[in-house]
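Shown below is the structure under consideration.
The values are calculated or read from the model by the stated rules, or taken from the named source; none is laboratory data. Bear in mind the structure is a predicted one, so any value in this text is a computation, not a measurement. Cβ placement follows ideal geometry from the backbone for every residue including glycine, while neighbour counts extend to all protein chains displayed.
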Amino acid sequence: MSSLNSSHELPPLPEYTLIPVPPLVPGIPDKYLELLLPIIAYWAFSMLFHWIDVNDYFAKYRLHTPAEVLKRNHVSRYEVIRDVVIQQIVQTAVGAAINYFEPEDLLGKDDYTIAVWATRIRVAERAIPSLLGLLSVDAHTLANNLAKSHLALSGAIAGGVYPGLTQVITTAGVSRIVPGFAAWELKLAAAIYHVFIPAIQFAAAVFILDTWQYFLHRAMHMNKWLYTTFHSRHHRLYVPYAFGALYNHPFEGFLLDTLGAGLAWKVTGMTLRQGMWFYTGSTCKTVDDHCGYALPWDPLQYIFPNNAGYHDIHHQSWGIKTNFSQPFFTFWDHLLGTVWTGGDVSARYERAANAAQNKLDSSVTNTSEMSDPSPTPYDFKAHKKNELFELAESPIMAKIPAGKAKLQAETSQQQVLADKEGGGMSVLREELEEERAAEKSVRTSNHRRTASNSLKGLRQKVGSLGRKGGIIGVEKR
Ligand SMILES: [Zn+2]
Ligand SMILES: [Zn+2]
């Protein structure tokens, strides 16, 4: 036996028997739950935001005022729900077709795979004496010195030689003494198998989905036919809300979301169960990106640089040709120069809010039976603390060529004109009127801003701002 223990003989791999993975929810096979869970998550998560909206909680974190939700969108809630349901039907049908050919997840091979990784670790240990030799350290002497106090370390330094480390295995009724793995080798192998590999798979899937969506989304904005035929539909939501996240043309929904996520799952070799979490997670992320709130305590918005504030700029008439990245990270926008470079957007947001309030106020005046819309107090100053305005201070701002932001805003506005059905000129007209009013007020006084008489209710809303130095970022044309 001594020759066995001092040799490089590898521990044998255990035998295994495969059985189907029991379903996560008894009675519903994972194949179906994988299709169902993202839809349940979509509606549950977006209804949570809807409930926050309706009850006017967290008003200070709103990206837009309730008046904007009412007046600036060019699509009804009914149409939004209808198209989301259509996308989810297509997504479920495609998923069911793919899953039909997929083998079910099997269980029972964990110990075997961990032993395979432990074997790889053991083989890698063989290089240690040579590596120590390069540092003029004699591995065998060092291993001998450590043998009494640090047995595992001594074995690794000796090149994966563990004298005395054996196990008894029984095959076909015959017991044998064979080499065994060190506890640390098995622990490391288990960490690789249970944590490291799934983490790499999820990171790769996120990268694939981000890349797929960035380039296709950007193409949808660069090609006029693609924009007007498919993508302009999603942009009728100038003031996004949570359950409008998947409001898309069915073809776009299929191409970007369903195919993109399916591809990321397949390429990374995820199991059905992993796919279930990936689809559900990316669905929640998309909902969160359209929720209409920049919430400092929302973990999704905190972890990912691509969040509601970032994507909301892409939904504005002046930002539509920027911030194409979705749904997780923003690196493609930064690498390829499509990130919004106009810095502080608070003035633009304020003008849009004013224009919507004007529109609402005039409709209140004209419709006597309409009840008081009770506009929610909206604190723009609070927003300056949020990530939405972080771009203004980011280091890349220093490198932006002069005039780029203006060009971004102008090309964005041209794109809005391309969608005649979705408002086109009328979208820009209201914003231009408000912009002129803002410029006029800046010219009148640099210290005090006078609101027009029609801004009923709005004065209370912005009154707390103090108005020192006029409106931030108003550009002269
Ligand atoms: Zn877009
Ligand atoms: Zn969107």
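Here are some conditions: (1) of a type in the set (D, E, K, R); (2) closer than 22 Å to Tyr61 by Cα; (3) within 16 Å of ligand 1 (Cβ to nearest atom). Lys321 meets all but one. Which one does it not meet?
Going through the list (1) of a type in the set (D, E, K, R); (2) closer than 22 Å to Tyr61 by Cα; (3) within 16 Å of ligand 1 (Cβ to nearest atom), Lys321 breaks only (2).
Check Trp297 against each of (1) surrounded by 22 or more Cβ atoms within 10 Å (Cβ to Cβ); (2) more than 14 Å from ligand 2 (Cβ to nearest atom); (3) outside any helix (DSSP H, G or I) and name the one condition it does not meet.
(1)
Sticking with this structure for a sec: Yes or no: Val80 without any contact (Cβ under 8 Å) to a residue 24 or more places away in the chain, in a helix (DSSP H, G or I) and within 28 Å of the chain's Cα centre (by Cα)?
no
For Phe181, indicate whether it is more than 16 Å from ligand 2 (Cβ to nearest atom) and under 30 Å from Gln415 (Cα atoms).
So Phe181 fails the test.
Taking only pairs six or more apart or across chains, which ones have beta-carbon atoms under 6 Å, a first residue in region 253-269 that is farther than 17 Å from Gln87 by Cα and touching a residue at least 60 places away in the same chain (Cβ under 8 Å), and a second residue that is surrounded by fewer than 17 Cβ atoms within 10 Å (Cβ to Cβ) and not β-branched (Val, Ile, Thr)?
Pairs that qualify, where the first residue is farther than 17 Å from Gln87 by Cα and touching a residue at least 60 places away in the same chain (Cβ under 8 Å) and the partner is surrounded by fewer than 17 Cβ atoms within 10 Å (Cβ to Cβ) and not β-branched (Val, Ile, Thr), are Thr268/Ala204.
Restricting the search to region 160-182, which residues are of a type outside the set (A, V, I, L, M), within 48 Å of the chain's Cα centre (by Cα) and not in a strand (DSSP E or B)?
Scanning region 160-182 gives Gly160, Tyr162, Gly180, Phe181.
OK, next. From the set of residues in region 278-294 that are away from ligand 1 (no atom under 16 Å from the Cβ) and closer than 22 Å to Pro66 by Cβ, which is surrounded by the fewest Cβ atoms within 10 Å (Cβ to Cβ)?
Filtering region 278-294 for residues that are away from ligand 1 (no atom under 16 Å from the Cβ) and closer than 22 Å to Pro66 by Cβ, the one surrounded by the fewest Cβ atoms within 10 Å (Cβ to Cβ) comes out as Gly292.
If you go through region 268-287 one residue at a time, do you hit one that is within 11 Å of ligand 2 (Cβ to nearest atom), modelled with pLDDT of 95 or more and within 28 Å of Trp318 (Cβ to Cβ)?
Yes, some residue in region 268-287 is within 11 Å of ligand 2 (Cβ to nearest atom), modelled with pLDDT of 95 or more and within 28 Å of Trp318 (Cβ to Cβ).
Now, a different point. In the list Glu102, Glu125, which residue meets the criterion of being farther than 30 Å from Arg348 by Cα, over 28 Å from the mean Cα position of the chain (by Cα) and of a type in the set (Asp, Glu)?
Glu125
For region 211-269, name all the residues that are among the hydrophobic types (A, V, I, L, M, F, W, C), within 14 Å of ligand 1 (Cβ to nearest atom) and either out of contact with any Asp or Glu (no Cβ under 6 Å at 6 or more places or on another chain) or not assigned by TED's automatic domain parsing to the domain that holds Thr322 (or both).
Once the filter is applied, which keeps residues that are among the hydrophobic types (A, V, I, L, M, F, W, C), within 14 Å of ligand 1 (Cβ to nearest atom) and either out of contact with any Asp or Glu (no Cβ under 6 Å at 6 or more places or on another chain) or not assigned by TED's automatic domain parsing to the domain that holds Thr322 (or both), region 211-269 yields Phe215, Leu216, Ala219, Met220, Met222, Leu226, Leu237, Ala245, Leu246, Leu255, Leu256.
Can you confirm whether region 453-461 contains a residue that is surrounded by 20 or more Cβ atoms within 10 Å (Cβ to Cβ), among the aliphatic types (A, V, I, L, M) and modelled with pLDDT under 50?
Yes - at least one qualifying residue is present in region 453-461.
Moving on to the next point. Inside region 329-366, can you point out the residues that are hydroxyl-bearing (Ser, Thr, Tyr) and within 20 Å of His221 (Cβ to Cβ)?
Correct list: Thr330, Thr338, Thr341.
Go over the candidates Val69, Val90, Val75, Val54 one by one and state the one that is modelled with pLDDT of 95 or more and among the β-branched types (Val, Ile, Thr).
Answer to the selection: Val90.
Is it fair to say Ile200 is among the β-branched types (Val, Ile, Thr), more than 15 Å from the chain's Cα centre (by Cα) and surrounded by fewer than 20 Cβ atoms within 10 Å (Cβ to Cβ)?
Yes.
Are any of the residues in region 195-210 touching a helix residue (DSSP H, G or I) at 6+ places or on another chain (Cβ under 6 Å), more than 11 Å from ligand 1 (Cβ to nearest atom), aromatic (Phe, Trp, Tyr) and closer than 21 Å to Tyr279 by Cβ?
Looking through region 195-210, none of the residues is touching a helix residue (DSSP H, G or I) at 6+ places or on another chain (Cβ under 6 Å), more than 11 Å from ligand 1 (Cβ to nearest atom), aromatic (Phe, Trp, Tyr) and closer than 21 Å to Tyr279 by Cβ.
All but one of (1) surrounded by fewer than 24 Cβ atoms within 10 Å (Cβ to Cβ); (2) outside any loop (DSSP other than H, G, I, E, B); (3) in contact (Cβ under 8 Å) with a residue 12 or more places away in the chain hold for Asn248; state the number of the condition that does not hold.
Condition not satisfied by Asn248: (2).
Right, something else. Going by the structure shown, is Phe331 away from ligand 1 (no atom under 16 Å from the Cβ), touching a residue at least 40 places away in the same chain (Cβ under 8 Å) and out of contact with any Phe, Trp or Tyr (no Cβ under 8 Å at 6 or more places or on another chain)?
Considered against the rule, which asks whether it is away from ligand 1 (no atom under 16 Å from the Cβ), touching a residue at least 40 places away in the same chain (Cβ under 8 Å) and out of contact with any Phe, Trp or Tyr (no Cβ under 8 Å at 6 or more places or on another chain), Phe331 comes out as yes.
Report, by residue number, each residue of region 49-77 that is farther than 24 Å from Gly422 by Cα and without any contact (Cβ under 8 Å) to a residue 60 or more places away in the chain.
Residues satisfying the conditions are Trp51, Val54, Asn55, Tyr57.
Yes or no: Trp117 closer than 30 Å to Thr170 by Cα and either surrounded by 15 or more Cβ atoms within 10 Å (Cβ to Cβ) or of a type outside the set (Lys, Arg) (or both)?
When the stated conditions are applied, Trp117 passes them.
Return only the number of the condition from (1) closer than 18 Å to Ala294 by Cα; (2) part of a loop (DSSP other than H, G, I, E, B); (3) among the aliphatic types (A, V, I, L, M) that Ile320 does not satisfy.
It fails just one condition, (1).
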